[in-house]
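All of the numbers you see were taken from the coordinates with simple rules; none came from a lab. Since the model is a prediction, treat every value here as computed from it, not as a measurement. Glycine gets a Cβ as well: all are built from the backbone with ideal geometry, and neighbour counts include every protein chain shown.
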Amino acid sequence: MHLRCGACGATHPADRLVIRCHCGGLLDVVIDRNGPIDRAIFDRRLTALVGAERSGVWRYRELLPPLPDTAIVTKPEGNTNLYEVPGLAAWAGVSRLVLKHEGENPTGSFKDRGMTVATSHALWVGASVVACASTGNTSASVAAYAAAAGLPAIVFLPVGKISAAKLGQAIAYGARIVQIRGDFDAAMALVQEAARRFGIYLLNSINPFRLEGQKTIVVELLHQLGWEVPDWIILPGGNLGNTAAVGKALAELHEVGLIGRMPRVAVVQAEGAAPFYAAYRTGFKEYRPVHPETVATAIRIGDPVSYAKARRTIEVTGGVVAAVSDAAILEAKARIDRAGIGCEPASAATLAGLRALVAEGVIPVGASVAGILTGHLMKDTDAVMAYHLGPDAETHPLANPPRVIDPTPAALEELLSEVL
Ligand code: F0G
């Protein structure tokens, strides 16, 4: 195993964390594989009840960095459900939609898949302190995995711009919290500087080991689909680490023959935080960071770190990028919630984007689509309350405000007469 720069091709050793190449390029983990991979080995591990084989990440370890068992920190993550959602498929305008709910991970988001691999790598290389910048979910995951590994963690957060639930998780798991007067991008720049200056182990998705773990979202999805490749895979994009991981996973699965063809990847951004979408519209000729603003705070990012790798994902898979309004995100979220599944606002960009891409004729009605929900409903209950009880709740088609009544049979009868 070694690291290779995606920009200049230089190689670096994998037994320490090199954050960027000396040319400034992003690094990939390159794994030397010996021989073909037998799918049956993944099936056999499904019966494991405890330990690394129980993990929906390490189950696929033939596709992951070969770290020693003694370094592995697992909770165990992954094993997220795949939901067949005919009602939401009809709403979006496609004949078949499945949703993979990454909010069902131990800390409530897909970040745990990356964190198990990167934290294990941190232990293996003897890191003494780990850190990240975050819009919330990464910090919750870093805090939990660092606690499990017995490593101190520092998390850099944009003050006032992350949900209370995510901040609460990071506090509870014992990370040291630094709130930055600035947005995520400023926090990201600062933590990279801290990592360079003080030798802190960086757990953001610029760390290529994070992306190795996140590849398993797609690997597990395809395993659940019996290795039957959907026409499209659709996911939200913020810092674009996940987009990068999905592309790398698909390229590698194709290369080792676990899948026979590539699905197309659609990445959805929030309109107010859509630098990747804007670049896509210029054929990737121009890229400009933006001042991000969106109700989907998880993807409130104006200068995504993994831009170059995400671009590769779109190019390799014949993918597309879309942008959707906050109103569309909130309506899609309310529908996912009402289907009994639930997710946080950023995750609902997946469904809102699918609906928009079908309406534009980019995704055909007959397409089979797998959507990724990235975070749990409980990650942002403020967003739920704002939609259902806020000042403009009346304009929301699915608003479901609680009713308050006096504790009398008459009041109850009046209420029930409306319901029954
Ligand atoms: N959905 C959720 C729920 C997220 O938390 C994030 C990113 C994304 C989507 C976008 O993924 O950055 O890989 O494109 N959250 C990061 C964080 C930035 O700090 O928790 P991405």
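Quick notes on this structure:
- Positive-end residue, the chain charge dipole about Cα centroid, Cβ charges, pick of His396, Thr350, Ala148: Ala148
- Working note: Karplus 6.51/-1.76/1.60 with θ = phi - 60° gives segment 272-279 the couplings x, 8, 10, x, 6, 4, 4, 5 Hz, where Gly and Pro are set to x.
- Rough spin-label spacing in nm, given labels placed 7 Å along Cα→Cβ, for Ala411 and Arg181: 4.8 nm
- Loop-located trypsin sites (Lys or Arg not before Pro) in segment 186-272 whose Cβ has at most 10 other Cβ within 10 Å (DSSP): Arg261
- Two-decimal ratio, segment 69-162, of alpha-carbon radius of gyration to 2.2 N^0.38 Å: 1.34
- Among beta bridges that DSSP assigns inside the chain, antiparallel share in %, nearest 5: 25 percent
- In plain terms, the C-alpha convex hull of segment 168-216 casts an average shadow of 4.5 nm² when viewed from every direction.
- If you plug the beta carbon distance of Val256 and Thr395 into 1/(1 + (r/R0)^6) with R0 = 35 Å, you get a FRET efficiency near 0.10.
- Based on the convex hull around the alpha carbon atoms, segment 138-285 presents an average projected area of 11.1 nm².
- Relative contact order %, the chain, counting alpha carbon pairs below 8 Å whose residues are six or more apart: 16 percent
- Subtracting the Cα-Cα distance of Glu84 and Glu360 from their residue separation scaled by 0.36 nm leaves 97.0 nm.
- Ranking Leu88, Pro36, His22 by Cα position along the charge dipole of the chain, where only Lys, Arg, Asp and Glu carry charges on their C-beta atoms, puts His22 farthest toward the positive end.
- Fully extending the segment from His22 to Arg196 would add 61.4 nm, taking 0.36 nm per residue of separation and subtracting the current Cα-Cα distance.
- Across the alpha-carbon atoms of the chain, the computed radius of gyration and Dmax are 21.2, 77 angstrom.
- Nearest-ten-degree value, helix 307-317 long axis tilted from longest Cα axis of the chain: 80 degrees
- Calculated log₁₀ intensity ratio I(q)/I(0) where the Debye formula runs over C-alpha points of segment 271-317, q = 0.20, 0.28 Å⁻¹: -0.64, -1.06
- Binned Cα-Cα distance frequencies in segment 1-120 - 10 Å width, integer %: 12, 30, 31, 20, 7, 0
- Counting only alpha carbon atoms, the long axis of helix 208-224 and the longest principal axis of the chain meet at about 60°.
- Between the Cα long axis of helix 409-419 and the first principal axis of the chain there is an angle of about 70°, rounded to the nearest 10.
- Student exercise, the chain dipole from Lys, Arg, Asp, Glu Cβ charges, in Debye to nearest 20: 1340 debye
- Anisotropy class of segment 377-420 from Cα gyration tensor, a/c 1.5 cut: prolate
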